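K.L.:
What follows is a structure written as C-alpha cells; I'll ask about it next.
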C-alpha cells in the first residue's frame, strides 16, 4: 500500500480518537449500480469503517432522484448528487451542503469509423442525449458550442432517453453520436468507440480554472454543524478508499462484479476514468469554478434548471474539513 494511503489511514485513526463507545451510525443512500457502491465495498474490505469508528448503514436505491427524496425525508444522512441541485434547494429553503466526490463527467462518443472529428461536426447529425434537456453534460456542451455560433438544440436531431438505452442505440448505428454519462462512455470506449471530447475538456473555455467536481456528498447543514467530527471521519474514510482504488490495480479485480463490467477491457477503462475523476483540489478552487459554471448553466438552462437562484448559493460548499 502506498505511503499516502497509510497516512490517510492514520488520519482516520487520529480523527476517531475523540469518539467514545460503540461505532456511530451513519446512513448513506446509495444507487445500487453507482460508483459509491464500489467505494463502500473497499471500505468494508479494508475495515476503514471500523477504523473511523463508523457503522455505515446503506440504503440501496434505484436512482439518484430516489436518493434526493430519501435525504429530504430524513431517511438518509448523506447522498451523492450535484451542487446544482443543492444550490437550487437552498434557494427554496432547504439548507443542504455539498462536499466534492467526483469530477468525472460525460463525453461525446462516436463509432471509431465515424466522420465526426470535432464537436462542430455534430451539426446536422442524430445525437442521443442521456438525462434529458436539462442534463448538465448536455447544457455544458451546448454552451461551449454556442460560443462558436452553433446551437445543437436546433442544429441537430436530438433524442433524449435513459443512458443504457441511448448507448445501445448508438452501438446499433441508430444514432450518429451520444452525449452520455461517464461510465456508459467508458463501456462504449471499451467496445472501440472514440471520444470526440470529454465534457471536462470544455470547462476552461467556459471559464473554469480546472477540472471541477460536479458530484459530491450532500447532507443537511444543521445536521452537519452538529456532526462535524463524524463528517470529518467519513471524508477521511472515503478518501482512503479512493486512494486504494487509485493505487492498487488488484483491488479492481475484487470489485469487478459490482461494476458490471463484462470483460477486462471495460473494467480497465472504468478504472482509468474513475481515477481521473478523483478530486484533488482545494475546496476554495472547486467552489470558485462551480460559481462560474453555475452562471453558464443558469444562462442556458434557465429557471427550469436552477429555480429562483441566479447565482450559486453562498452556503452550497461545506468548508469544515481540516486542511481543505
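The values are calculated or read from the model by the stated rules, or taken from the named source; none is laboratory data. All of these numbers come straight from a predicted model, not from anything done at the bench. Neighbour counts are summed over all protein chains in view; Cβ atoms, including those assigned to glycine, are modelled from backbone coordinates with ideal geometry.
Table: residues versus (1) assigned by TED's automatic domain parsing to the domain that holds residue 158; (2) touching a helix residue (DSSP H, G or I) at 6+ places or on another chain (Cβ under 7 Å); (3) crowded, with 16+ Cβ neighbours inside 10 Å; (4) under 26 Å from residue 203 (Cβ atoms).
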position	(1), (2), (3), (4)
75	no, no, no, no
83	no, yes, yes, yes
118	yes, no, no, yes
122	yes, yes, yes, yes
127	yes, yes, yes, yes
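K.L.:
Now, a different point. Which number in (1) assigned by TED's automatic domain parsing to the domain that holds residue 233; (2) out of contact with any strand residue (DSSP E or B) (no Cβ under 6 Å at 6 or more places or on another chain) marks the one condition that residue 99 misses?
P.N.:
Checking residue 99 against (1) assigned by TED's automatic domain parsing to the domain that holds residue 233; (2) out of contact with any strand residue (DSSP E or B) (no Cβ under 6 Å at 6 or more places or on another chain), the one that fails is (2).
K.L.:
So how many residues does region 126-144 have that are touching a residue at least 40 places away in the same chain (Cβ under 8 Å) and on the phi > 0 side of the Ramachandran plot?
P.N.:
Counting residues in region 126-144 that are touching a residue at least 40 places away in the same chain (Cβ under 8 Å) and on the phi > 0 side of the Ramachandran plot gives 1.
K.L.:
I've got another one for you. When the residues of region 129-188 are filtered to those that are part of a strand (DSSP E or B) and closer than 25 Å to residue 267 by Cα, which remaining residue is farthest from the chain's Cα centre (by Cα)? Step through it out loud before you land on a result.
P.N.:
Our first condition is that a residue be part of a strand (DSSP E or B); within region 129-188, this holds for 129-130, 157-161, 177-180.
From what is left, the residues that are closer than 25 Å to residue 267 by Cα are 129-130, 161, 177-180.
Details: 129: 17, 130: 15, 161: 19, 177: 22, 178: 19, 179: 16, 180: 13 Å.
Result: 177.
K.L.:
Next up: Among the residues of region 222-257, how many are buried (at least 16 other Cβ atoms within 10 Å of the Cβ) and part of a helix (DSSP H, G or I)?
P.N.:
Going through region 222-257 one residue at a time, the tally reaches 23.
K.L.:
Cβ contacts < 8 Å: first residue at positive phi, restricted to region 110-124; second residue in a loop (DSSP other than H, G, I, E, B) and surrounded by 10 or more Cβ atoms within 10 Å (Cβ to Cβ), any location; separation 6+ or different chain. Result?
P.N.:
Every condition considered, the pairs that remain are 124/156.
K.L.:
While we're looking at this one, here's another question. Restricting to region 172-190, name every residue that is surrounded by fewer than 17 Cβ atoms within 10 Å (Cβ to Cβ) and in contact (Cβ under 8 Å) with a residue 12 or more places away in the chain. Step through it out loud before you land on a result.
P.N.:
Narrowing region 172-190 to residues surrounded by fewer than 17 Cβ atoms within 10 Å (Cβ to Cβ): 172-174.
Residues satisfying the conditions are 173, 174.
K.L.:
Here is a further query. Kindly indicate which of 264, 314, 288 is over 21 Å from residue 100 (Cβ atoms) and either under 19 Å from the mean Cα position of the chain (by Cα) or not assigned by TED's automatic domain parsing to the domain that holds residue 195 (or both).
P.N.:
Numbers: 314 fails: over 21 Å from residue 100 (Cβ atoms); 288 fails: over 21 Å from residue 100 (Cβ atoms).
Result of the check over 264, 314, 288: 264.
K.L.:
Shifting gears a bit: Here are some conditions: (1) closer than 20 Å to residue 32 by Cα; (2) touching a residue at least 40 places away in the same chain (Cβ under 8 Å); (3) over 15 Å from the mean Cα position of the chain (by Cα). Residue 224 meets all but one. Which one does it not meet?
P.N.:
(1)
K.L.:
Restricting attention to region 272-280, does a residue exist that is assigned to a loop (DSSP other than H, G, I, E, B), surrounded by fewer than 19 Cβ atoms within 10 Å (Cβ to Cβ) and in contact (Cβ under 8 Å) with a residue 12 or more places away in the chain?
P.N.:
Taking region 272-280 as the starting set, the residues that turn out to be assigned to a loop (DSSP other than H, G, I, E, B) are 277-280.
In the following step, the residues that additionally are surrounded by fewer than 19 Cβ atoms within 10 Å (Cβ to Cβ) were identified as 278, 280.
In the following step, the residues that additionally are in contact (Cβ under 8 Å) with a residue 12 or more places away in the chain were identified as 278.
For region 272-280, residues assigned to a loop (DSSP other than H, G, I, E, B), surrounded by fewer than 19 Cβ atoms within 10 Å (Cβ to Cβ) and in contact (Cβ under 8 Å) with a residue 12 or more places away in the chain: present.
K.L.:
Which condition number does residue 201 fail, the rest of (1) out of contact with any helix residue (DSSP H, G or I) (no Cβ under 8 Å at 6 or more places or on another chain); (2) touching a residue at least 24 places away in the same chain (Cβ under 8 Å); (3) closer than 18 Å to residue 289 by Cβ being met?
P.N.:
(2)
K.L.:
Scan the strands (runs of 3 or more DSSP E) fully inside region 1-112 and keep the ones with 2 or more residues being farther than 19 Å from residue 234 by Cα and at pLDDT 95 or above. Outline the logic, then answer.
P.N.:
On the way: elements: 24-31, 54-61, 79-82, 96-102, 107-110.
Passing ranges, in order: 107-110.
K.L.:
Can you tell me which residue in region 63-96 is nearest to residue 293 (Cα to Cα), limited to those that are free of Cβ contacts under 8 Å to residues at least 40 places away in the same chain and touching a strand residue (DSSP E or B) at 6+ places or on another chain (Cβ under 7 Å)?
P.N.:
It comes out as 89.
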